[in-house]
Amino acid sequence: MPPGSLRVSPGSDSSRRASDTDRDRTAELLNQGLAKGFLTPVEHSERLDAALAARYVGELVPLTSDIPAS
């Protein structure tokens, strides 16, 4: 798992409020997923919108959990 990823185990810090840094990190992982062909442009757009609207880290985790680590 790459440093800075937001893949947390259930019950750990998933209820912590998401910071701008958390949302930015998720956006970067989504951008990498799009660039490497793991996401379609539509999936990327939907997930990016969800990442930017997320209030808790637990909302960010599923957005990148199916993208292989670089």
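Assorted remarks:
- For Y56, distant residues with modelled amide H under 5 Å away: A18
- For the stretch 24-39, Karplus couplings with θ = phi - 60° (6.51, -1.76, 1.60), whole Hz, Gly/Pro x: 5, 5, 5, 4, 5, 4, 5, 4, 5, x, 5, 4, 8, x, 7, 10
- Figure note: S15, S45 ranked by solvent-accessible area, largest first, 1.4 Å probe, ligands and nucleic acids not counted: S15, S45.
The values are calculated or read from the model by the stated rules, or taken from the named source; none is laboratory data. Since the structure is predicted, the reported quantities are computational estimates derived from the model, not experimental observations. Surface areas here come from the heavy atoms of the whole protein model, side chains and all, with no ligands, DNA or RNA. Shrake-Rupley method; radii C 1.70, N 1.55, O 1.52, S 1.80 Å.
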